[in-house]
1. Place a +1 charge on the Cβ of each Lys and Arg in the chain and a -1 charge on the Cβ of each Asp and Glu, then give the dipole magnitude about the Cα centre in debye, rounded to the nearest 20.
2. Assign one of three labels to segment 3-137, namely rounded, prolate or oblate, based on the Cα gyration tensor with a ≥ b ≥ c the square roots of its eigenvalues; rounded applies when a/c is under 1.5, prolate when it is not and a/b is larger than b/c, and oblate otherwise.
3. Please work out the FRET efficiency for the pair LYS118 and SER24, using the Cβ-Cβ distance as r and a Förster radius of 22 Å; give the result to the nearest 0.05.
4. Of LYS169, LYS273, LYS221, which is the most mobile in a GNM of the chain whose springs link Cα atoms less than 10 angstrom apart?
5. Going through the cross-link list LYS60/LYS118; LYS234/LYS280; LYS109/LYS311; LYS109/LYS163; LYS200/LYS254, which pairs have a Cα-Cα distance over 30 Å in this structure?
6. Which of rounded, prolate, oblate describes segment 225-351, given a ≥ b ≥ c as roots of the alpha-carbon gyration tensor eigenvalues and a/c under 1.5 marking rounded, otherwise prolate only if a/b is larger than b/c?
7. Helix-only mean residue ellipticity at 222 nm, the chain, DSSP H runs n ≥ 4 weighted -39,500 (n - 2.57), per residue, nearest 500. What is it?
8. Counting Lys +1, Arg +1, Asp -1, Glu -1, what net charge surrounds ALA282 among other residues with beta carbon under 15 Å of its beta carbon?
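Readers should treat all values here as calculations from the given coordinates under stated rules, not as data from a laboratory. On a predicted model such as this, the values are computed, not experimentally measured, just so you know. Don't worry about glycine lacking a Cβ; one is built from the backbone with ideal geometry, like all the others, and counts go over all protein chains shown.
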Amino acid sequence: MKKRNSAPELAFQPDAAYLGIDVSKEHFDAALCLARHRTLQEVICKRFGNDANGIKALDKWLTSQGVDSALRPQLLVVMENTGIYHRRLWQYCCVQNLHATIGNAADIKWSMGLVRGKDDVTDSMRLCEYAYRHEDRLWQADAFDEDVLLLKDLQTLRRRLLKQLSANKVALGELHGINAKATHAIIEKASKAAIEGIKKSLREVEIQIKTLIRSNEAMCKNYKLLLSVPGIGKVIAVYLIACTANFVGQPTGKQLACYAGVAPFGKSSGIIKGKPRVHKMANKELKAILHMGARSVANHNPEAKAYYERKAKQGKHDLSIINALKNKILLRAAAVIRNGEPYVDNFKAAA
């Protein structure tokens, strides 16, 4: 695929189009490739501002390049997940009913094989090539849901405030045994307003999260279902709803376990047999809060406690048992959402 600066004169009617977009904070680079009977034309690249005017300019540019209303259903758009900077383009694709894929950066990078050189234009061209080569296996991005995005932003803000609160408390604790009492009193007084302000902001954020979930019927239903599962509290329930876009696409328990990094994978070659281990590529935050949930059920839930003790007697390592409990929690979470019914504790009922 080659870069072409000038717009081509369409001597044919394209039956497919591939658009790769490399997104940054200030702008995005678009690489467009038209095709007829699977024969690709030269790639056209152009840069746009990452704002409302840039989106309008992109729409006009696509039309000028032959991607009219008739071809829009055959346009495949691929962009990387940049966290927040791709949201305008995502919303545009949803409004225009375009088939857009928001890909994992690592998956896209490894699929390209050994490559040399990197810049925004080159990356957009590689995304365009990725769209063409992997067209048959690309999943369409979820619908743009403002409530889900707001929940994610509130979750991110809550996490940031918790880190700031912890950092302030830890710093004061370290100084407590080192400074003189008079000196420490001055530092503590100066930090008090900041700590109280962070606590107040945390309470406000948590109120906003509760209000948002209550106002959204679908979120509220899934939230209540998740709370019925032993080991899932308010924090885990909200996080699962946020990271799965309120369980759009009905992810299975195994998919959730893989995403959280608690699904073990085998590793062997020839006569060398390795123990199944979890993969380091995971949502580390979800894995951490699941760990706390698994510890809680291992100590307080009769079924989980009996399971832990049985496996411990068999010689299983503590972390291995806890990891198995994390899997159980996610499998049950997926099950209650799929069935639309709260979890029933048969162990307690039998007792």
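1. Working: 55 positive and 34 negative charges, 350 e Å.
Computed about the Cα centre, the dipole is about 1680 debye.
2. Details: a/c = 1.40, a/b = 1.12, b/c = 1.25.
Rounded.
3. Numbers: r = 13 Å, r/R0 = 0.59.
Given R0 = 22 Å and the Cβ-Cβ separation, E is 0.95.
4. In the Gaussian network model the winner is LYS273.
5. Numbers: LYS60/LYS118 28 Å; LYS234/LYS280 26 Å; LYS109/LYS311 41 Å; LYS109/LYS163 32 Å; LYS200/LYS254 38 Å.
Beyond 30 Å: LYS109/LYS311; LYS109/LYS163; LYS200/LYS254.
6. Details: a/c = 1.89, a/b = 1.18, b/c = 1.61.
It comes out oblate by the Cα gyration axes.
7. Details: 13 runs with 194 residues, N = 351.
Value at 222 nm, helices only: -18000 deg cm²/dmol.
8. Numbers: positive: LYS254, ARG277, LYS280, LYS284, LYS287, LYS326; negative: ASP107, GLU285.
Every neighbour counted, the sum reads +4.
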